[in-house]
1. Spelling out what I want: for every residue of the range A:90-98, take phi, set θ = phi - 60°, compute 6.51 cos²θ - 1.76 cosθ + 1.60 (Karplus), and round to whole Hz; glycine and proline get x.
2. How tilted is helix A:122-143 with respect to the longest principal axis of chain A? Cα atoms for both, answer in degrees (0 to 90, nearest 10).
3. Kindly rank A:245-254, A:161-170 from highest to lowest mean number of other beta carbons found within 10 Å of each residue.
4. Sort A:Asp226, B:Asp94, B:Asp50 by Cβ crowding within 10 Å, fewest neighbours at the top.
5. Structure shown: which of A:Lys52/B:Lys147; A:Lys47/B:Lys147; B:Lys6/B:Lys136; A:Lys52/A:Lys285; B:Lys104/B:Lys140; B:Lys77/B:Lys104 lie over 20 Å apart, alpha-carbon to alpha-carbon?
6. Place a +1 charge on the Cβ of each Lys and Arg in the range B:3-157 and a -1 charge on the Cβ of each Asp and Glu, then give the dipole magnitude about the Cα centre in debye, rounded to the nearest 20.
7. Taking beta carbons within 10 Å but only from partner chains, what does the mean come to for residues B:27-33?
8. Work through the residues other than B:Ser17 whose Cβ is under 12 Å from its Cβ and net out their charges, Lys, Arg +1 and Asp, Glu -1.
Amino acid sequence: MSRITVIPFGPQHPVLPEPIQLRLELKDEKVVSALPVVGYVHRGLEKLVETKDYLQTVYITERVCGICSFIHSVAYCQGIETIMGVEVPPRARYLRVIWSETHRLHSHLLWFGLLADSFGFENLFMQIWRAREAVLDLQEATAGARVILGTCCVGGVRRDIDQTGRDLTLATLDKLEQDIKKIANPILKDYGVQQRTVGIGRISRELTYERGAVGPTARAAGIAQDLRQTGYAAYGELDFQPVVETAGDCYARLQVRVREMNQSIELIRRALERMPASPISVPVKGNPDGETVSRVEQPRGEVIYYLRGNGGKNLARMRIRTPTFANIPALLAMLPGAELANVPVITLSIDPCISCTER
Amino acid sequence: MKVLAKSPWAVHFNCNSCNGCDIEFLACLTPLYDLERFGVLHIGNPKHADILVVTGSVNHRNARVLENVYIQVPDPKVVVAIGVCTSTGGIFADCYNILGGIDKVIPVDVFVPGCPPRPEAIIDGMVQSLAKLEAKRAGKKVEPARKPTFTFRPPAEAEAPVTPSPAGSAGRGGKE
C-alpha cells in the first residue's frame, strides 16, 4: 500500500482550541506533506484600526489574542510612544514587565495543560490548570481583570502595585514556584511524556533559521534570540539571559518553556525589588505623525507592529506580524515523516495561536 | 427522567474569538471552577454532545463550519453563546469580515455577556441551559434566547429605555 490519503486535521478538532485546518497527505501512517488552510478566525483588525481613535486602538490590540493580550498592548503603546516622543515613567516600565511576565506564565501553563491533554494525560492537564489559576487571581488582584487587563495605555499604565499587591505577588510566586517544581517532574521525567516528545518533530538549527522561526521554537533549536535582550520596557535593567536548548525536538521546546516559567518568576521578583517610585503615566497630547516598527517578545515569540500615523487621530496603517505566523513554516518542515498520531503533539509544540495569526 | 440534564456533554467551537472567552471556558472545566460537578464533560466530538458552546462571531468562512458542527450535534441540543462577540460581533462588529452574532447562523439558547465573561457567568449560563435542555427533551417548545439588552439593543428599540434582561437570556456579566 502506498496510496496517498488526505486527512483534514481541523478546523474542529479535539486537541485544537482554535480552528485551523492542516491538510495532511499521508502514505500509510506517515505524513508526506502538510498544507495549512487558514481564514477561519480572520476578522480584519488592521482595517478596523483605521476607523478608530489611536487611543481606542489599545483595546483592539488587546483583543488580537486573548492569551497574550497585555503584551500586544505593550507593543502597540511602545510604538505610539516612539512616534510621539513620549517618555514613559520608569515605574510604568517596570509594571509593564511584571504584567508581561504574568501573561507569559499563564500562557506557558495553559500551553502545558493543552499539551498534556494532547498526550491523553488529562489528570496532568487539570493539575496544571489548577496552578495556573493562581496567576489569574494575581492578575485580577493587581490589574483588575483575569484575562484581558486593559491596564496598559499610551503614556504608561493605569494601575499601580502597592505594598499589599507586592506582598500578594511575592506570596503567589512562592507558591507557584513550588507547584511548577511539582509539575515539572512528571512533565520532564515521565517515561510516557518522553516517549511522546524526545526526537519527535525534530528540526535542525539551520532549517529553523532558514524558515524564520521565533520564540521558544527557535530557542529550542539553539538560536539564542529573544527580544527581551534588546531591553525594551525595563528588561535592560533586569539582567535578562535567554533560555536556550539545542535538541530542536518537542522535548526541547518543553524544556525551554519550563525554564522560561522559572525565569519569569525570577524576573517578576527582580522587577518588584528594583521598581523605583515615580508616577505611573504621563499625559499624552496630540496625534501620532510618523512611522515606526515596534517589536516585543510574546510567550510564542517575537511580535512586530508596524504603525504609521499621518497627524490625524486615526492611524493610517497598522500591520502586525505575529509569532505563530513566523512559526508555521517551521511547523510545516517538522511534519513530513511524522506519524499521524504525533501530529497533534508536534502542532501544539509550537504553541499555535491562530487568533493572532489571522487577526 | 432527568438523565440527560445530569450528564450533559459539551463540545466547544471557537468561531471567530480572540481566545479570551475560550480560555475562560476551559478554566471553567478545571478544578477551581469545576463544571464537572454539574456533570458537564468537555468532549471533542460533536456527535457525542448535548451542549454546543460557541465563542466569537461568524465570518464568511466559518459560518458553514459552525452550521456543520451544529447539525452534527444530536437532538435535543442547546447552544450556549459565550462573550459579547456571539451576540453582536462585540469590539469586532465593524470589521469587514464579520457577519455579526452567531444567531445569524444557528438558534441560540443562552447568551453569556462579557468580554470575556467571568467563569462564574459562564457556569451560570451552562446551568441555565440545562433547564432548556430538559424542556426540549420533554418535547416543550423553547424559544431562542433574546440578546442581553445591556450589551445590545436592536436598532428599532434603540430609542426605547434600557429594560432589564429577561430571565434566561443573560448570565451575570463581568465588569461591563
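Every number here is computed from the coordinates shown, using simple stated rules; none is lab data. What you see is a predicted model; the values in this text were computed from it and never measured. In this analysis, Cβ positions are derived from the backbone assuming ideal geometry, glycine residues included, and neighbour counts consider all displayed protein chains.
1. Per-residue couplings from phi come out as x, 5, 5, 5, 5, 5, 4, 4, 4 Hz.
2. In chain A, helix A:122-143 runs at an angle near 10 degrees to the longest axis.
3. Details: A:245-254: 21.8, A:161-170: 14.2.
Packing order, densest peptide first, comes out as A:245-254, A:161-170.
4. Values: A:Asp226 22, B:Asp94 12, B:Asp50 26.
In increasing order of surrounding Cβ atoms, one gets B:Asp94, A:Asp226, B:Asp50.
5. Working: A:Lys52/B:Lys147 26 Å; A:Lys47/B:Lys147 27 Å; B:Lys6/B:Lys136 14 Å; A:Lys52/A:Lys285 17 Å; B:Lys104/B:Lys140 23 Å; B:Lys77/B:Lys104 18 Å.
From A:Lys52/B:Lys147; A:Lys47/B:Lys147; B:Lys6/B:Lys136; A:Lys52/A:Lys285; B:Lys104/B:Lys140; B:Lys77/B:Lys104, over 20 Å: A:Lys52/B:Lys147; A:Lys47/B:Lys147; B:Lys104/B:Lys140.
6. Numbers: 16 positive and 15 negative charges, 85 e Å.
With only Lys, Arg, Asp and Glu charged at Cβ, the dipole is about 400 debye.
7. On the way: counts 8, 0, 3, 10, 6, 7, 2.
The shielding value for this peptide is 5.
8. On the way: positive: A:Arg43, A:Arg63; negative: A:Glu18, A:Glu358, B:Asp22, B:Glu24.
With Lys, Arg at +1 and Asp, Glu at -1, the neighbours total -2.
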